[in-house]
1. Select from segment 21-40 the residues that are within 16 Å of MET1 (Cα to Cα) and hydrophobic (A, V, I, L, M, F, W, C) and write down the one among them that is modelled with the lowest pLDDT.
2. Quick one: count up the residues across segment 1-55 that are on the phi > 0 side of the Ramachandran plot and free of Cβ contacts under 8 Å to residues at least 12 places away in the same chain.
3. Taking segment 7-46 only, how many residues are part of a helix (DSSP H, G or I) and open to solvent by less than 100 Å² (accessible area, probe 1.4 Å)?
4. Yes or no: segment 61-80 includes at least one residue that is loosely packed, with under 10 Cβ neighbours inside 10 Å, within 30 Å of ARG3 (Cβ to Cβ) and out of contact with any helix residue (DSSP H, G or I) (no Cβ under 9 Å at 6 or more places or on another chain).
Amino acid sequence: MIRNAEDLSPAQKAAIESLVGREVTKGEVIGVRVMPPVPEWLQNAWQGAKERGIDRLSSDDIQEEIDAYRSEKRQVSSEDSR
């Protein structure tokens with residue numbers, strides 16, 4: 001569902017603003033998407049990430065970790081092949 005902010009009723013506008021935590025301004029477009037429940041395994045993964053504090057990693061931090069892991073794997077592989 002997509003609506004222009006100026007087409008919202010006062011009650012709809014108030015509900016959206018309470019969800020996004022700020023005022024919705026004229027000219028903005030609001031999109032609402034209803035999705036199926038998140039699988040339990042994904043909820044568990046998110047909870048584990050939150051408990052370890054890794055839910056706050058930036059995409060740059062994540063990429064650095066991936067690069068470091070791949071570099072380490074390449075180094076181990078090259079040492080094993082000697």
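1. Narrowing segment 21-40 to residues within 16 Å of MET1 (Cα to Cα): 28-36.
Narrowing further to those that are hydrophobic (A, V, I, L, M, F, W, C): 29-30, 32, 34-35.
On the way: VAL29: 96, ILE30: 95, VAL32: 91, VAL34: 94, MET35: 94.
Result: VAL32.
2. Of the residues in segment 1-55, 2 are on the phi > 0 side of the Ramachandran plot and free of Cβ contacts under 8 Å to residues at least 12 places away in the same chain.
3. To start, the set of residues in segment 7-46 that are part of a helix (DSSP H, G or I) comprises 7, 10-20, 40-46.
So of that shortlist, the ones also open to solvent by less than 100 Å² (accessible area, probe 1.4 Å) come out as 11-18, 20, 42-45.
The qualifying residues number 13.
4. no
The values are calculated or read from the model by the stated rules, or taken from the named source; none is laboratory data. It should be emphasised that the depicted structure is a prediction, and the values quoted were computed from it without experimental measurement. Every residue, glycine as well, gets a Cβ built from its backbone with ideal geometry; the counts of neighbours run over all protein chains shown. Note: areas computed on protein heavy atoms with side chains; ligands, DNA, RNA excluded. Shrake-Rupley method; radii C 1.70, N 1.55, O 1.52, S 1.80 Å.
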